[in-house]
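Written out below as structure tokens is the structure these notes cover.
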Amino acid sequence: MTTIINGRKISKEILDEIKKEVALLPFQPVFCDILVGDDPVSLQYVNMKKNKAEEIGIHFHKAFFPASIDTEDLIKEIKMINKIPNMCGIIIQLPLPENLNQEEILNAVDPSLDVDCLGSFASEQFYKGDFIFGFPTALACIALLDSINLNMKNKKIVILGRGRLVGKPVAALLKFRNLTPQIISSQTENREELLKEADIIISGMGKGKYLKGNMIKKGAIIIDAGTSESNASIVGDVDLESVNTVADFISPVPGGVGPMTIAMLFSNVLKVAKSKNLIPIIK
């Protein structure tokens, strides 16, 4: 029987620890999720992070801007937010309106506050291995694997997709541990063979229910970081019903990587707060 890796439970445990550490700081950390426009899904995500921040003692700085704002004016606003006292994390809620230059806006965030790691400098530091914090979703995938006390040495690890948020940074985190993951993209010729041989599969393609039970080996461990819509509900890359009884462990969608990403985001915010207060940081 497949064991479900409960991301909600693990996330709560991590956030409870963050709350304790935040309470010990001599100042209240500030976090900002910048929203441009009035997309209801984006607003829902921002409010979720606002509520979670306040639950753990982090002040949420509201920064909502109309979709009509231009790139230059938004960058000016971001540079002012960078200077807010006790600011410990800024993210840009994506997607942005099409009229805006996304890369310029992401790069306007002070790299020391770029807790999503999406600006050029923070991203470069991450891939060099010289970082305090990393990509939250990638960190979430690794944390879920670590939660089952798995020795990954000599395991065949496959990553489905080489995207900016999951595939590439997950591969980097594994390589930092001297592991050798294999990334499968649309150009990979022997993908079926690689999947069938994999002990661990981390998927971030965004192709609903792509991965079936007959595509994996018995006893595989699957971290599903993909999301897509199906019949007005969110599904992952993995067909849960199909892999049940074939996989040993799986992180589900929803309830797996999603809540863990929020925990890793606020773990990044705490690391920034500790660095401001010169408290030793354990990576």
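Could you go through the range 28-46 and let me know if any residue there is touching an Asp or Glu at 6+ places or on another chain (Cβ under 9 Å), modelled with pLDDT under 95, surrounded by 13 or more Cβ atoms within 10 Å (Cβ to Cβ) and in a helix (DSSP H, G or I). Spell out how you get there, then give the answer.
Initially, the range 28-46 is screened for residues touching an Asp or Glu at 6+ places or on another chain (Cβ under 9 Å), giving 34, 45-46.
Now narrow it down to the ones that are modelled with pLDDT under 95: 45.
Next, from what is left, pick out any that are surrounded by 13 or more Cβ atoms within 10 Å (Cβ to Cβ): 45.
Applying the additional criterion that residues be in a helix (DSSP H, G or I) yields 45.
Within the range 28-46, one or more residues are touching an Asp or Glu at 6+ places or on another chain (Cβ under 9 Å), modelled with pLDDT under 95, surrounded by 13 or more Cβ atoms within 10 Å (Cβ to Cβ) and in a helix (DSSP H, G or I).
May I ask you to list the residues in the range 92-123 that are in a helix (DSSP H, G or I), touching a residue at least 40 places away in the same chain (Cβ under 8 Å) and touching a strand residue (DSSP E or B) at 6+ places or on another chain (Cβ under 9 Å)?
Step one: list which residues in the range 92-123 are in a helix (DSSP H, G or I), which gives 102-108, 111-113, 120-123.
Still in the list and also touching a residue at least 40 places away in the same chain (Cβ under 8 Å): 112-113.
Leu113 - this is the single residue of the range 92-123 that is in a helix (DSSP H, G or I), touching a residue at least 40 places away in the same chain (Cβ under 8 Å) and touching a strand residue (DSSP E or B) at 6+ places or on another chain (Cβ under 9 Å).
Can you name the residue in the range 124-159 that is of a type in the set (Phe, Trp, Tyr), within 15 Å of the chain's Cα centre (by Cα) and modelled with pLDDT of 95 or more and is also nearest to Phe176 (Cα to Cα) among such residues? First the steps, then the outcome.
Here is the first cut: in the range 124-159, the residues of a type in the set (Phe, Trp, Tyr) are 126-127, 131, 133, 135.
Add one more test, that the residue is within 15 Å of the chain's Cα centre (by Cα), and what stays is 126, 133, 135.
Restricting the remaining residues to those that are modelled with pLDDT of 95 or more gives 126, 135.
On the way: Phe126: 11, Phe135: 14 Å.
The qualifying residue nearest to Phe176 (Cα to Cα) is Phe126.
Can you name every residue in the range 223-238 that is assigned to a loop (DSSP other than H, G, I, E, B) and either surrounded by fewer than 20 Cβ atoms within 10 Å (Cβ to Cβ) or touching a helix residue (DSSP H, G or I) at 6+ places or on another chain (Cβ under 6 Å) (or both)? Step through it out loud before you land on a result.
Going through the range 223-238, the residues assigned to a loop (DSSP other than H, G, I, E, B) turn out to be 225-227, 231-232, 236-237.
If the condition is that a residue be assigned to a loop (DSSP other than H, G, I, E, B) and either surrounded by fewer than 20 Cβ atoms within 10 Å (Cβ to Cβ) or touching a helix residue (DSSP H, G or I) at 6+ places or on another chain (Cβ under 6 Å) (or both), then Ala225, Thr227, Asn231, Ala232 are the ones that fit.
Would you say Glu193 is more than 17 Å from Leu240 (Cα to Cα), among the charged types (D, E, K, R) and assigned to a loop (DSSP other than H, G, I, E, B)? Walk me through how you get there before you give the answer.
Numbers: more than 17 Å from Leu240 (Cα to Cα): yes; among the charged types (D, E, K, R): yes; assigned to a loop (DSSP other than H, G, I, E, B): no.
Answer is no for this residue.
How do the pairs read when you match residues in the range 136-162 that are free of Cβ contacts under 8 Å to residues at least 40 places away in the same chain with residues anywhere that are of a type in the set (Ser, Thr, Tyr) and surrounded by fewer than 21 Cβ atoms within 10 Å (Cβ to Cβ), using Cβ under 9 Å and keeping only pairs 6 or more apart or on different chains?
Cβ pairs passing all conditions: Arg162/Ser185.
Return a yes/no flag: does the range 239-260 have any residue that is within 18 Å of the chain's Cα centre (by Cα), farther than 26 Å from Thr2 by Cα and assigned to a helix (DSSP H, G or I).
First pass over the range 239-260, keeping only residues within 18 Å of the chain's Cα centre (by Cα): 250-260.
Filter once more, so that each one left must be farther than 26 Å from Thr2 by Cα: none.
Scanning the range 239-260, I find no residue that is within 18 Å of the chain's Cα centre (by Cα), farther than 26 Å from Thr2 by Cα and assigned to a helix (DSSP H, G or I), so the answer is no.
Matching residues to (1) within 24 Å of the chain's Cα centre (by Cα); (2) of a type in the set (A, V, I, L, M):
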residue: Ile56; (1), (2): yes, yes
residue: Ala63; (1), (2): yes, yes
residue: Ala67; (1), (2): no, yes
residue: Ile78; (1), (2): yes, yes
residue: Cys88; (1), (2): yes, no
residue: Pro97; (1), (2): yes, no
residue: Glu103; (1), (2): yes, no
residue: Ala108; (1), (2): yes, yes
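For Ile90, state whether it is touching a helix residue (DSSP H, G or I) at 6+ places or on another chain (Cβ under 6 Å), surrounded by 20 or more Cβ atoms within 10 Å (Cβ to Cβ) and not basic (Lys, Arg). Full working, then the answer.
Values: touching a helix residue (DSSP H, G or I) at 6+ places or on another chain (Cβ under 6 Å): yes; surrounded by 20 or more Cβ atoms within 10 Å (Cβ to Cβ): yes; not basic (Lys, Arg): yes.
It is true that Ile90 is touching a helix residue (DSSP H, G or I) at 6+ places or on another chain (Cβ under 6 Å), surrounded by 20 or more Cβ atoms within 10 Å (Cβ to Cβ) and not basic (Lys, Arg).
Is one or more of the residues making up the range 124-133 small (Gly, Ala, Ser), touching a residue at least 40 places away in the same chain (Cβ under 8 Å) and touching a strand residue (DSSP E or B) at 6+ places or on another chain (Cβ under 9 Å)? Give the steps one after another, and end with the answer.
If we filter the range 124-133 for residues that are small (Gly, Ala, Ser), which is where we start, we get 129.
Subset that is touching a residue at least 40 places away in the same chain (Cβ under 8 Å): 129.
Applying the additional criterion that residues be touching a strand residue (DSSP E or B) at 6+ places or on another chain (Cβ under 9 Å) yields none.
Scanning the range 124-133, I find no residue that is small (Gly, Ala, Ser), touching a residue at least 40 places away in the same chain (Cβ under 8 Å) and touching a strand residue (DSSP E or B) at 6+ places or on another chain (Cβ under 9 Å), so the answer is no.
Looking at Ala172, Ala220, which is the one that is surrounded by 15 or more Cβ atoms within 10 Å (Cβ to Cβ), at pLDDT 95 or above, within 16 Å of the chain's Cα centre (by Cα) and not aromatic (Phe, Trp, Tyr)? I'd like the intermediate steps shown before the answer.
Working: Ala220 fails: within 16 Å of the chain's Cα centre (by Cα).
Only one candidate qualifies: Ala172.
The values are calculated or read from the model by the stated rules, or taken from the named source; none is laboratory data. Small disclaimer: the values here were computed from a predicted structure and weren't measured. With ideal geometry, Cβ positions are generated from the backbone for all residues, glycine too; neighbour counts draw on all protein chains shown.
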